[in-house]
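Handing you this structure, nothing more for now.
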Amino acid sequence: MSEADADTSTHEVGYLDGNPPKVINSDSIYLMLGLAVAIVMGCLLDRMSTFKHFNAKNREPFWVLLLVLVSYGYLIPGLVEVLFSFNLVFDTGTGGFFGIGPDSSFNHAPPTTETMLGLVRLLWETGSWLGAVLVVFYAIAIPVTKLILLLVGNLIQRDFPKASRRCIQSVQNISKWACPDMFAYILLMHLVRSLAHPPYLLANGRLDLGFTCFSLFCLGSTIAALGIRVPDREHGCFQKLGRALTEKNLVLGVSVLFVLFAIPFFWGLNETVMGLKVGQLDPMISMTLSFVGLTPEKLKSDVSIMNCLGTLAEEISHGEMNSFIGFVMFSVFVIGMTLLDMIVLLWISIASWRGRPVARWMQLSWVLKKLSMVDVTCMGVLIVTMCMSMYRKYVEVDMGVGQWLLVSSEVIHYFTYYTVKGFTEVKDKLDLGNTMQMDEDEEETSDLSSSTAIEEDHAWL
């Protein structure tokens, strides 16, 4: 019999459902090793001469295939395993306590425990239809769409090469968008734990194996998508903008954009992204809380990304593996990739102005942009804030000013990236991504046709 099925009278005050911490930590290590082993084994197979002919004709090298298989193997557990569990309890100190949450009462304080599918069902049943639709879209529809596009792109590769490339490009573009709410769950658990004011107010929260599996699925499948061999070239308004810019205009423009990005980015990292406060309580409980010094100001908490990183680092020292995953997600993919991409884009503009080659730097920027996740995090905060509205009778979750500062910095990041990308593709004839020989041949034919058309237009003028 699991903890969730046991009689609540046997539990200590403020208990959590789901898997025990030891199980979560040990299984998390094995799951992370699974991704690492898939990459290593795939790379070894790619180096074997026996499979080089096979690799030359396929868009996916073996390390990509194995990483996709292992990542999607984590998807189902990520949907059905416990995502998180949290509990808020007011302990009177005289042998009695009040639970703050659904189904709670005097001397009865069950935790709030959710799986991904259970969360969708509860959102739908409580009337939060938009929240349910958004969770289904990001957590289920996008992973399924990625897999379908990947399969279709390979099946039509020979007969419809252009459509095949479009399918794979779509996979690369949407891959990271499967995990927005994972970032917000990390912040949510920080908020819950920050409410604790022992010995009277007990607050506990824990990310479970559902979070582990789904986060590793998202990271693994996103990294794998970037290894698929397909070109990625702009053909829209940003190439037109690239043609209009000179090297000097580019470096001046990107320098200004970098400053405009940095101010809200660093400000947003240190400002409140999410806030949580205890909802409307029974007047008797509220009066008792005030009597012991727990005023409404103490029944709320807020979190910034930098503050959350500090807490995660402390939890890692206690052996919490999900805190390690959360730390990597924020420090590497939210902060590191985004900031490094802007630095690389600034360097590309300087190198172009000085007449130096930028192909490798632009390829690096292409990878960094696909892996940077400020946009994903902001969407996750929005989704989880909407989802938590079904608990507003007990706890209220709101977005902070840091959310909008990060959104504004990411808008500037997008504009800077596509401007520099369009410029370098026009000036240096770059094809980003990983091209195959058949893609290069078709691009040359396409470029020749385009140049012929331009010459005819000039002749007509």
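The values are calculated or read from the model by the stated rules, or taken from the named source; none is laboratory data. It should be emphasised that the depicted structure is a prediction, and the values quoted were computed from it without experimental measurement. Methodologically, a virtual Cβ is constructed for each residue, glycine included, from the backbone with ideal geometry; neighbour enumeration extends over all protein chains shown.
Out of (1) buried (at least 20 other Cβ atoms within 10 Å of the Cβ); (2) under 20 Å from residue 203 (Cβ atoms); (3) under 21 Å from the mean Cα position of the chain (by Cα), the odd one out for residue 310 is which?
Condition not satisfied by residue 310: (1).
Say whether the condition of being assigned to a loop (DSSP other than H, G, I, E, B) and within 23 Å of the chain's Cα centre (by Cα) is met by at least one residue in the stretch 239-253.
no
Moving on to the next point. Considering each of 163, 196, 203 in turn, give the residue that is at pLDDT below 90, farther than 30 Å from residue 308 by Cα and more than 25 Å from the chain's Cα centre (by Cα).
Criteria check complete, one pass: 163.
Okay, next question. Criterion first (closer than 20 Å to residue 352 by Cα and of a type in the set (S, T, N, Q)) does residue 246 satisfy it?
Details: closer than 20 Å to residue 352 by Cα: yes; of a type in the set (S, T, N, Q): yes.
It is true that residue 246 is closer than 20 Å to residue 352 by Cα and of a type in the set (S, T, N, Q).
Do we have any residue at all in the stretch 105-125 that's modelled with pLDDT under 90, assigned to a helix (DSSP H, G or I), aliphatic (A, V, I, L, M) and in contact with a Cys (Cβ under 8 Å, 6 or more places away or on another chain)?
Yes, because at least one residue in the stretch 105-125 is modelled with pLDDT under 90, assigned to a helix (DSSP H, G or I), aliphatic (A, V, I, L, M) and in contact with a Cys (Cβ under 8 Å, 6 or more places away or on another chain).
Still on this model: Please list, ordered by first then second residue, the pairs with beta carbon atoms under 6 Å, 6 or more apart or interchain, first in the stretch 326-342 and more than 15 Å from residue 211 (Cβ to Cβ), second of a type in the set (Gly, Ala, Ser) and part of a helix (DSSP H, G or I).
341/365
Residues checked against (1) surrounded by fewer than 24 Cβ atoms within 10 Å (Cβ to Cβ); (2) touching a helix residue (DSSP H, G or I) at 6+ places or on another chain (Cβ under 8 Å); (3) among the aromatic types (Phe, Trp, Tyr):
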position: 345; (1), (2), (3): no, yes, no
position: 353; (1), (2), (3): yes, yes, yes
position: 356; (1), (2), (3): yes, no, no
position: 359; (1), (2), (3): yes, yes, no
position: 363; (1), (2), (3): yes, no, no
position: 368; (1), (2), (3): yes, yes, no
position: 371; (1), (2), (3): yes, yes, no
position: 377; (1), (2), (3): no, yes, no
position: 381; (1), (2), (3): no, yes, no
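Suppose the filter is farther than 22 Å from residue 204 by Cα, surrounded by 22 or more Cβ atoms within 10 Å (Cβ to Cβ), over 18 Å from the mean Cα position of the chain (by Cα) and not hydrophobic (A, V, I, L, M, F, W, C); does residue 127 pass it?
No, not satisfied.
Which count do you get for residues in the stretch 254-272 that are hydrophobic (A, V, I, L, M, F, W, C) and either in a strand (DSSP E or B) or surrounded by fewer than 20 Cβ atoms within 10 Å (Cβ to Cβ) (or both)?
Residues that pass the stated criteria total 8.
Under the condition of being buried (at least 18 other Cβ atoms within 10 Å of the Cβ) and among the hydroxyl-bearing types (Ser, Thr, Tyr), which residue from the stretch 409-434 is modelled with the lowest pLDDT?
Out of the qualifying residues, it is 424.
Name the pairs whose Cβ atoms lie under 6 Å apart, with the first residue in the stretch 306-320 and within 15 Å of residue 189 (Cβ to Cβ), the second of a type in the set (A, V, I, L, M) and crowded, with 18+ Cβ neighbours inside 10 Å, and 6 or more positions between them or separate chains?
Short answer, once both residue conditions are applied: 308/187.
Next question, about the same structure. Consider the stretch 194-211. How many of its residues are over 16 Å from residue 83 (Cβ atoms), not hydrophobic (A, V, I, L, M, F, W, C) and not in a strand (DSSP E or B)?
The number of residues fulfilling the criteria is 4.
Let me ask something additional. If you check every pair at least six apart or on different chains, which have Cβ atoms under 8 Å apart with a residue in the stretch 363-375 that is farther than 17 Å from residue 410 by Cβ first and a residue that is modelled with pLDDT of 95 or more second?
Qualifying pairs under 8 Å: 364/344.
Tell me which of these residue 140 doesn't satisfy, since it passes every other one: (1) assigned to a helix (DSSP H, G or I); (2) crowded, with 20+ Cβ neighbours inside 10 Å; (3) touching a residue at least 40 places away in the same chain (Cβ under 8 Å).
Every listed condition holds for residue 140 apart from (2).
Are any of the residues in the stretch 69-79 at pLDDT 95 or above and among the aromatic types (Phe, Trp, Tyr)?
Yes, that holds for at least one residue.
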